[in-house]
Amino acid sequence: MKISTIQELLDAEVICCEEDLSRHVYSACGSDMMSDVLAYVKDQAVLLTGLVNSQVVRTAEMMDMNCIVFVRSKMPTAEMVELAKESNIVIMATKKRMYEACGILYSNGLVGNRVKSV
Amino acid sequence: MSEALTFHFDVDGADFTSAGQASVQVKKNLRLLGISPDIIRRVSIAMYEGEINMVIHAGGGEADVTVTEEEIVISLRDHGPGIKDIDQAMQEGFSTASDRIRTLGFGAGMGLPNMKRYTDHMEIRSELGKGTDITMRVNLK
Ligand SMILES: Nc1ncnc2c1ncn2[C@@H]1O[C@H](COP(=O)(O)OP(=O)(O)OP(=O)(O)O)[C@@H](O)[C@H]1O
Ligand SMILES: [Mg+2]
């Protein structure tokens, strides 16, 4: 799924790295616990979270993720945006809640279980 | 690359926001060395988990990453409270993290299991009241 499609489906506001909206993601992960996110490596995944601090961006960076969606209208800090820009990670914010946002992406074909074994 | 390369980091225990910076730097360094992306990801996730643990459980510490032709060795040392029961700490879901730590997104009890899963070898030495030493190895060959 294109990152721009995620933005449309979730009616999200793009906060940074708009130039990367044409990139693709193939799986998704929704969690507020970063070590849960770090437990399963997926290629080119999007992270949906309600947690707002710098570790969210670092976690995405460690996982080579290229998009973070903040749910429930959470807004990243300026410092987080800088970190995301350095790593070309698209950040967007949606008003939808976690359950709904994940459900919309899942039912539009973005599955969560493309787990890569390590 | 015929000689071993070592990167050293001091991990500040007082600053949660900057935690993970050493792992980010390691990731950059390994990229410059031309290490494969899969290996880089495994090393940096394992180190990141260890670095966060040093910050949230042990008040900071030190990290060294050594790269040879055969392997990448990550060693982490802290002078925190130590781990009472290592077998228990290694179980998925076991955590002593406070509610405050949980609101910061950590405390799922997945860090040590992740470190073990992403590396080829992991050894933990810990003494109560003295600190914790963790060595992780990822094979390059
Ligand atoms: N460096 C350390 N010093 C002291 N105790 C530690 C250290 N690392 C881990 N522990 C102990 O082991 C437990 C399990 O660690 P682990 O990393 O698996 O989970 P966590 O840090 O609690 O949560 P998560 O990693 O999922 O955010 C911790 O809750 C803590 O009690
Ligand atoms: Mg941990």
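The values are calculated or read from the model by the stated rules, or taken from the named source; none is laboratory data. Please read all numbers here as calculations on a predicted model, not as lab measurements. Heads up, the Cβs are rebuilt from the backbone with ideal geometry, glycines too, and the neighbour counts pull from every protein chain shown.
In segment A:88-112, what residues are within 14 Å of another protein chain (Cβ to nearest Cβ) and crowded, with 17+ Cβ neighbours inside 10 Å? Before you say what the answer is, go through the steps one by one.
Going through segment A:88-112, the residues within 14 Å of another protein chain (Cβ to nearest Cβ) turn out to be A:88-89, A:98.
The answer is A:ILE89, A:MET98.
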Note on segment B:97-137: residues surrounded by 14 or more Cβ atoms within 10 Å (Cβ to Cβ) and more than 28 Å from B:GLU71 (Cα to Cα) are B:ALA97, B:ILE101, B:ARG102, B:LEU104, B:GLY105, B:PHE106, B:GLY107, B:ALA108
Note to self: Is it the case, given these coordinates, that B:GLU70 is within 16 Å of B:ASP133 (Cβ to Cβ) and not aliphatic (A, V, I, L, M)?
What the structure shows: no
Selection from segment A:16-37 of residues more than 13 Å from the chain's Cα centre (by Cα), assigned to a helix (DSSP H, G or I) and within 11 Å of another protein chain (Cβ to nearest Cβ) yields A:SER35, A:ASP36
In segment B:35-65, anything over 22 Å from A:VAL57 (Cβ atoms) and either surrounded by fewer than 17 Cβ atoms within 10 Å (Cβ to Cβ) or at pLDDT below 95 (or both) is listed as B:SER36, B:ILE39, B:GLY59, B:GLU62, B:ASP64
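Take the conditions touching a Lys or Arg at 6+ places or on another chain (Cβ under 8 Å), within 15 Å of ligand 2 (Cβ to nearest atom) and either more than 22 Å from A:VAL37 (Cβ to Cβ) or more than 10 Å from chain A (Cβ to nearest Cβ) (or both) and apply them to B:GLY61. Does it pass?
On the way: touching a Lys or Arg at 6+ places or on another chain (Cβ under 8 Å): yes; within 15 Å of ligand 2 (Cβ to nearest atom): yes; either more than 22 Å from A:VAL37 (Cβ to Cβ) or more than 10 Å from chain A (Cβ to nearest Cβ) (or both): yes.
It is true that B:GLY61 is touching a Lys or Arg at 6+ places or on another chain (Cβ under 8 Å), within 15 Å of ligand 2 (Cβ to nearest atom) and either more than 22 Å from A:VAL37 (Cβ to Cβ) or more than 10 Å from chain A (Cβ to nearest Cβ) (or both).
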**Message:** Can you confirm whether A:SER31 is of a type in the set (S, T, N, Q), out of contact with any Gly (no Cβ under 7 Å at 6 or more places or on another chain), in contact (Cβ under 8 Å) with a residue 12 or more places away in the chain and closer than 20 Å to B:MET110 by Cα?
**Reply:** yes
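Identify, from the list B:THR68, B:THR135, B:THR119, the residue that is more than 7 Å from ligand 1 (Cβ to nearest atom), within 13 Å of the chain's Cα centre (by Cα), more than 23 Å from A:ALA60 (Cα to Cα) and more than 9 Å from every other protein chain (Cβ to nearest Cβ).
On the way: B:THR68 fails: within 13 Å of the chain's Cα centre (by Cα); B:THR119 fails: more than 23 Å from A:ALA60 (Cα to Cα).
When all the criteria are applied, what remains is B:THR135.
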Cβ pairs under 7 Å, 6+ apart or interchain, first in segment B:12-38 and more than 14 Å from B:GLU49 (Cα to Cα) and free of Cβ contacts under 8 Å to residues at least 24 places away in the same chain, second in a helix (DSSP H, G or I) and of a type outside the set (D, E, K, R), ordered by first then second residue, are B:THR17/A:SER54; B:ARG31/B:ILE40
Restricting segment B:16-26 to residues that are in a helix (DSSP H, G or I) and more than 7 Å from chain A (Cβ to nearest Cβ), the one nearest to B:VAL67 (Cα to Cα) turns out to be B:VAL26
Picking from A:MET62, A:MET33, the residue that is modelled with pLDDT of 95 or more and in contact with a Phe, Trp or Tyr (Cβ under 6 Å, 6 or more places away or on another chain) would be A:MET62
The residue from B:SER95, B:SER126 that alone is farther than 30 Å from B:ARG31 by Cβ and either within 14 Å of chain A (Cβ to nearest Cβ) or among the acidic types (Asp, Glu) (or both) is B:SER95
